[in-house]
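Structure, as structure tokens:
The values are calculated or read from the model by the stated rules, or taken from the named source; none is laboratory data. The model shown is predicted, which means the values in this text are computed figures rather than measured ones. Glycine also receives a Cβ, built like all others from the backbone with ideal geometry; neighbour counts cover every protein chain displayed.
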């Protein structure tokens, strides 16, 4: 029922904010989960979960900080049990493709006793327009490890549309959908597309995983850098250099390609350099 709220975790983030808007536009009541919400929610504080889950029909799970952090799977398991006890009817969780700990997290949710759907996502195109690579793009460079390994980069708006549908329609329970863009492209090809779209040079700068780790540690901390670098080494080995048909299966249409994303993003002025 539309009158029952849908809990969206990570509601201030790139996926949760978009999913919330789509659901509300369709007439659904959304409970945006955050530590500063009317009913506060914190992954690291289990006492906040019961209140946030009360009366909820479905939950979008964007787990934080990552499945690979110590204790993460126990936390996820406890949350799923709380959701089951609260009578939640559906769980939909985002995970990363090809990540060992993410797949262990998937098992927790799929075996929770609550009807569940997993959305395994490729890299978001919006990483370049509003994420971690926005500042480097503005400086004219994309410094990333992985060499010439390709990735079927997906438009976040496509992902959000899939998630909103799976949260509100039946027939997707127990399924794992891989959400990707329509073609595998390398970081060098991304740089070329951005160069052509923005009319100024954007260069791909291959870096070592050691340099990647050093930059992360400088910006965050040693534990975070260790875990994210480990995930990068795991997933930048070619295992994800293939596209999947999750968007076609759910939305019955083709995903948007990176060139279309770049053109649309440029029109918003996000990459405009002030005079």
message: Can you pull out every residue in segment 183-203 that is in contact with a strand residue (DSSP E or B) (Cβ under 9 Å, 6 or more places away or on another chain) and within 27 Å of residue 102 (Cα to Cα)?
response: 184, 185, 186, 187, 190
task: Tell me which residues, restricted to segment 102-126, are surrounded by fewer than 19 Cβ atoms within 10 Å (Cβ to Cβ), in contact with a helix residue (DSSP H, G or I) (Cβ under 8 Å, 6 or more places away or on another chain) and either in contact (Cβ under 8 Å) with a residue 40 or more places away in the chain or assigned to a helix (DSSP H, G or I) (or both).
output: 104
query: What are the residue pairs meeting all of these: first residue in segment 223-249, first residue in contact (Cβ under 8 Å) with a residue 24 or more places away in the chain, second residue in a helix (DSSP H, G or I) and surrounded by 18 or more Cβ atoms within 10 Å (Cβ to Cβ), Cβ atoms under 7 Å, and 6 or more apart or on different chains?
result: 224/216; 228/216; 232/212; 246/162; 247/158; 247/162
message: So, in segment 74-100, how many residues would count as being within 18 Å of the chain's Cα centre (by Cα) and free of Cβ contacts under 8 Å to residues at least 40 places away in the same chain?
response: 4
message: Being over 16 Å from the mean Cα position of the chain (by Cα) and within 16 Å of residue 75 (Cα to Cα) is the filter here; which residues of segment 1-51 pass it?
response: 41, 42, 43, 44, 45, 46, 47, 48, 49, 50
task: Name the one entry in 216, 194 that is without any contact (Cβ under 8 Å) to a residue 24 or more places away in the chain, part of a helix (DSSP H, G or I) and touching a helix residue (DSSP H, G or I) at 6+ places or on another chain (Cβ under 7 Å).
output: 216
task: Go over the candidates 261, 236 one by one and state the one that is within 18 Å of the chain's Cα centre (by Cα), closer than 23 Å to residue 98 by Cβ and modelled with pLDDT under 95.
output: 236
task: For segment 244-260, enumerate the residues that are assigned to a loop (DSSP other than H, G, I, E, B) and touching a strand residue (DSSP E or B) at 6+ places or on another chain (Cβ under 9 Å).
output: 244, 245, 255, 256, 257
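Give the residue that is farthest from the chain's Cα centre (by Cα), with candidates limited to residues of segment 127-170 that are in a helix (DSSP H, G or I) and farther than 16 Å from residue 93 by Cα.
138
Yes/no matrix, rows are residues, columns are (1) crowded, with 21+ Cβ neighbours inside 10 Å; (2) in contact (Cβ under 8 Å) with a residue 12 or more places away in the chain; (3) out of contact with any helix residue (DSSP H, G or I) (no Cβ under 9 Å at 6 or more places or on another chain):
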{"residue": "153", "(1), (2), (3)": "yes, yes, no"}
{"residue": "161", "(1), (2), (3)": "no, yes, no"}
{"residue": "165", "(1), (2), (3)": "no, yes, no"}
{"residue": "186", "(1), (2), (3)": "no, yes, yes"}
task: Scan (1) modelled with pLDDT under 95; (2) under 30 Å from residue 231 (Cα atoms) for the single condition residue 3 breaks and write down its number.
output: (2)
